[in-house]
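Engineer: Okay, here's the structure, questions in a sec.
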Amino acid sequence: MKGTIAWFAKNTVAANLLMVVIVAGGLISAFTVKREVFPEFDLDIITVTVPYLGAAPEEVEEGVCVRVEESVQGLDGIKRITSTAAEGRGTVVIELELGADARKVLDDVKSRVDAIDTFPEQTEKPIIQELTNRRQVINLAVWGDADDTTLKRLAERVRDEIASTPGISQVELANAPPYEISIEVSENTLRRHGLSFDFVARAVRRSSLDLPGGSVKTQGGEILLRTKGQAYRGREFEDLVLLTRPDGTHLRLGDVATVVDGFADTDQFSRFDGKPAILLQVFRTGDQGALEVGDKVKAYAVQAESWLPEGVHLSTWRDQTKVLRDRLDLLTRNGRNGFLLVVAVLALFLRFRLAAWVSLGIPISFLGAVWLMPTLDVSVNLFSLFAFIVVLGIVVDDAIIVGENIYTHHQRHGEPLKAAIEGAREVSVPVVFAVLTTVAAFMPMLAVPGNIGKIMRVMPMIVIPALLFSLVESLWILPAHLSHLRARDTSEEANGSTRRWGWYRIQSRVVAGLHHVIDHQYKPSLELALRWRYVTLAVGVSTLIFTLGLVGAGWVRFIFFPQVEADFVIAALTMPQGTPEEVTSEAVAHLERTANEVREEMQVAGEADLYRLAIATIGDQPQSSQLGGPVQGSNVNLSGSHLGEVFVELSPAEDRTVSSEALANRWRELAGTIPDAVQLRISSSLFSPGEDVDVQLTGADVSELRVAAAELKRRVAEYPGVYDIADSFREGKREVQLRIKPAAELLGLTLGDLGGQVR
């Protein structure tokens, strides 16, 4: 180490070349590194979803979930299997062991599930996929005074045009009911024409299809043959021929059935500031930058207002790039101010040129860390920017130590090169160990397992390279720059400008004041502490015990992952399954009214309008599902008339004095208890790693588990400060169970005939 210090001090070209390489590498990476709001990573979770339309949860559990669990049980790399049986769908969540090969396990799961031949006949093809913690960059809403068909048609156009924009590839509709053509056949009409329902269904399948017919080779070339008759619209289905009579007349589908070309009956709709709306979510993928995606979407939203019909608007909301941009601005501000403060403080005690070279360690260390970010697979996100802010005050410390010691040696004998080498060598060992101990403090964060560890690894991946580059800069680059430091010429300064002479006088007074504090306050205190060393040791140990006592007594709170205040508040409502859409809609309207009451209270208290917009959703919880965090990636987001959500976007934090958490608490008080609600959760955090307290009850009897869960919730609710208490059990809809009568069996009917006819 000491030999390389001398070599770089003597070879300033090599030192400057090293500095240029670090700076150039950092600047190049700064324009190419991936930028996102939250770091994206694999969740090590595989889901198997099997649609079983019309089936009750008990049927789904017996016919789907149990069979999938049995088929994948015992595969290498599987840590835990959790299944969820809901109406019309069964989902099995497979969590992988730490370090397991997700691709191999996914292939094994696919092979096992595809080999299952005992699924009920009505089940559809299993959907097997690996989950990711994908997050949207920005949202849009097509809203206004228009019917659902017009809004969805416009939303699809917006989706297609944004997706065709260079640099954007993933745009999805949220909470939009799917198109559906339903054929409603009257039983009386079927009897009148002597038809059956199955006959109509088979006739539609036979007449509405596209079928390749091979090819014909001719002298003019090869010609492909294709039977083309697939119907896509309601009017085309009405023209399908069901049968042809002997007299040549045709019976068409429109003669015996009502064809409805509309939407599926999913009870899904949204309101944007009280008007009907279709929501869109824009995601970034691959190496796409979140800031670039957000800017392009906002520019498109402004341009799209020119062609939208009157009364229909396109608005952006929940812009995640604003949070990222604010953190970038904060880092830039802190870095600039920190650099200026370091220069100013060092210039009060040292030469101005020396202070400038020492302060240069901040940008060099940061650019070195940025240079390695693509190699370490680290993006610019909220966590990496926080790591830069944390390390901002650390990276310059070793440069200050080295620079100050070189300055001391320079004052002793006035030889710049000798001062640079001796000064850097003298403190090289403590500086190296100071950096390495700090690196060692951050190293354990790289070994944190699970999905939380994949987030926490971002911080050491920034802090450690920045510290190591600061070590390189202070011991190799800085001595070379200070080896040309000239001795101060007092006669020149005496004859120099008034400004220079004035600064020298200020510097002299500051240095004299520092020496006075050292000689008259610090030195006597140090001598007293050394003289009474056992008392000093006792005071230190007592302070340590007192600090541990504060933590143990709860005076210092322990929070695993603190809430990050967001510029929005979300209320997610879950009613019992089977709840009519009208009941859920009324409960959501109650949440909207209470949210407006909070708004009015704050305005009466003198606050400006705190709300930017409000969005109510029935049939889904699209925004709440985006707050899940990595440990909640296994949650199954189902839609239904029992789900509702109210999203309130607030004005920026710098424009209001009330925190989003305070607004959420007041909203929770005014909302109160909603009758029959299974869960009402009001959140104001930007990111949630999971529930604060999570208790899992296991047992063979579901009824006993429900009783235990109810008692546990009752007891937990007695503790002050506890709210949003809920369990994961969701009771299914009421059902009517059918059995065939013995008399029907004598007539040749079977239970299968009954089930098929009802279905």
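The values are calculated or read from the model by the stated rules, or taken from the named source; none is laboratory data. Keep in mind the model is a prediction, meaning the values are calculated, not measured. Glycine gets a Cβ as well: all are built from the backbone with ideal geometry, and neighbour counts include every protein chain shown. Surface accessibility is based on the protein's heavy atoms, side chains included, excluding ligands, DNA and RNA. Shrake-Rupley method; radii C 1.70, N 1.55, O 1.52, S 1.80 Å.
One line per residue, one yes/no per condition, for (1) at pLDDT 85 or above; (2) among the polar types (S, T, N, Q); (3) within 30 Å of Pro39 (Cβ to Cβ):
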{"position": "Gln411", "(1), (2), (3)": "no, yes, no"}
{"position": "Pro416", "(1), (2), (3)": "no, no, no"}
{"position": "Pro430", "(1), (2), (3)": "yes, no, no"}
{"position": "Thr438", "(1), (2), (3)": "yes, yes, yes"}
{"position": "Met445", "(1), (2), (3)": "yes, no, yes"}
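Engineer: Just name the residue that is farthest from Ile78 (Cα to Cα) out of those in segment 409-458 that are surrounded by 14 or more Cβ atoms within 10 Å (Cβ to Cβ) and polar (S, T, N, Q).
Structural biologist: Ser428
Engineer: Based on this model, can you work out whether Phe386 counts as surrounded by fewer than 20 Cβ atoms within 10 Å (Cβ to Cβ) and within 23 Å of Thr321 (Cβ to Cβ)?
Structural biologist: For Phe386, the condition - surrounded by fewer than 20 Cβ atoms within 10 Å (Cβ to Cβ) and within 23 Å of Thr321 (Cβ to Cβ) - is met.
Engineer: Only strands (runs of 3 or more DSSP E) wholly contained in segment 121-189 count here; list those with 3 or more residues that are within 25 Å of His642 (Cα to Cα) and open to solvent by less than 40 Å² (accessible area, probe 1.4 Å).
Structural biologist: Once the strands (runs of 3 or more DSSP E) in segment 121-189 are filtered for at least 3 residues that are within 25 Å of His642 (Cα to Cα) and open to solvent by less than 40 Å² (accessible area, probe 1.4 Å), what remains is 136-144.
Engineer: Regarding segment 735-754, can at least one residue be identified that is basic (Lys, Arg), at pLDDT 85 or above and either assigned to a helix (DSSP H, G or I) or open to solvent by 90 Å² or more (accessible area, probe 1.4 Å) (or both)?
Structural biologist: yes
Engineer: Among (1) under 30 Å from Gly453 (Cβ atoms); (2) at pLDDT below 85, where does Arg103 come up short?
Structural biologist: So the condition that Arg103 fails would be (2).
Engineer: Might you let me know whether segment 457-478 holds any residue that is over 22 Å from Val23 (Cβ atoms), at pLDDT below 80 and out of contact with any Leu (no Cβ under 9 Å at 6 or more places or on another chain)?
Structural biologist: no
Engineer: Please go through (1) within 28 Å of Arg135 (Cα to Cα); (2) in contact with a strand residue (DSSP E or B) (Cβ under 9 Å, 6 or more places away or on another chain); (3) hydrophobic (A, V, I, L, M, F, W, C) for Ile674 and return the number of the only condition it doesn't satisfy.
Structural biologist: (1)
Engineer: Still on this structure, I have one more. Leu18 versus (1) open to solvent by less than 20 Å² (accessible area, probe 1.4 Å); (2) more than 30 Å from Arg284 (Cβ to Cβ): which is the lone unmet condition?
Structural biologist: (1)
Engineer: Moving on. List the number of the failed condition for Thr579; all other conditions in (1) hydroxyl-bearing (Ser, Thr, Tyr); (2) under 30 Å from Ala56 (Cβ atoms); (3) modelled with pLDDT of 85 or more hold.
Structural biologist: Here Thr579 clears every test but (3).
Engineer: Looking at (1) touching a helix residue (DSSP H, G or I) at 6+ places or on another chain (Cβ under 7 Å); (2) loosely packed, with under 12 Cβ neighbours inside 10 Å, which is the only condition Leu670 fails?
Structural biologist: (2)
Engineer: Now for a different question. Within segment 608-620, is there a residue that is out of contact with any helix residue (DSSP H, G or I) (no Cβ under 8 Å at 6 or more places or on another chain), under 30 Å from Gly54 (Cα atoms) and among the acidic types (Asp, Glu)?
Structural biologist: yes
Engineer: Residues of segment 117-148 being among the β-branched types (Val, Ile, Thr) and over 26 Å from Ala163 (Cβ atoms), which ones?
Structural biologist: Passing the criteria: Thr118, Thr123.
Engineer: Are any of the residues in segment 698-717 in a helix (DSSP H, G or I) and acidic (Asp, Glu)?
Structural biologist: yes
Engineer: Tally up the residues in segment 210-268 that are of a type in the set (Phe, Trp, Tyr) and either over 18 Å from Ile183 (Cβ atoms) or open to solvent by 90 Å² or more (accessible area, probe 1.4 Å) (or both), please.
Structural biologist: 1
Engineer: Moving to a separate point now. Looking at (1) at pLDDT 80 or above; (2) open to solvent by less than 10 Å² (accessible area, probe 1.4 Å); (3) among the hydrophobic types (A, V, I, L, M, F, W, C), find the lone condition where Leu485 falls short.
Structural biologist: Every condition holds for Leu485 apart from (1).
Engineer: Give the residue that is most open to solvent (accessible area, probe 1.4 Å), with candidates limited to residues of segment 290-314 that are under 22 Å from Glu654 (Cα atoms) and in contact with a strand residue (DSSP E or B) (Cβ under 9 Å, 6 or more places away or on another chain).
Structural biologist: My answer is Lys298.
Engineer: Could you grab me the full set of residues in segment 29-74 that are open to solvent by 50 Å² or more (accessible area, probe 1.4 Å) and closer than 30 Å to Val736 by Cα?
Structural biologist: Hits for segment 29-74 are Leu53, Gly54, Glu58, Glu59, Glu61, Glu62, Val66, Arg67, Glu69, Glu70.
Engineer: Looking at segment 141-167, I want the residues that are over 19 Å from Gly274 (Cβ atoms) and of a type outside the set (D, E, K, R) and have a partner that is assigned to a helix (DSSP H, G or I) and open to solvent by 40 Å² or more (accessible area, probe 1.4 Å) with Cβ atoms under 6 Å, at least 6 apart or on another chain. Which pairs are those?
Structural biologist: Thr165/Lys296; Gly167/Glu292
Engineer: If I ask for residues that are out of contact with any Lys or Arg (no Cβ under 8 Å at 6 or more places or on another chain) and in contact (Cβ under 8 Å) with a residue 40 or more places away in the chain, which ones from segment 101-124 would you list?
Structural biologist: Ala102, Val105, Leu106, Val109, Arg112, Val113, Ala115, Pro120, Thr123, Glu124
Engineer: Can you give me the number of residues within segment 568-603 that are closer than 18 Å to Trp317 by Cβ, among the aliphatic types (A, V, I, L, M) and not in a helix (DSSP H, G or I)?
Structural biologist: Number satisfying all stated conditions: 4.
Engineer: Let me ask another. Looking at Asp620, is it within 16 Å of Arg318 (Cβ to Cβ), modelled with pLDDT of 75 or more and assigned to a loop (DSSP other than H, G, I, E, B)?
Structural biologist: yes
Engineer: Exactly one condition in (1) farther than 15 Å from Ile674 by Cα; (2) open to solvent by 10 Å² or more (accessible area, probe 1.4 Å) is not met by Val598; state its number.
Structural biologist: Going through (1) farther than 15 Å from Ile674 by Cα; (2) open to solvent by 10 Å² or more (accessible area, probe 1.4 Å) one by one, Val598 breaks only (2).
Engineer: Are any residues in segment 190-203 of a type in the set (Lys, Arg) and either open to solvent by less than 80 Å² (accessible area, probe 1.4 Å) or within 30 Å of Glu156 (Cα to Cα) (or both), and if so, which ones?
Structural biologist: Residues satisfying the conditions do not exist here.
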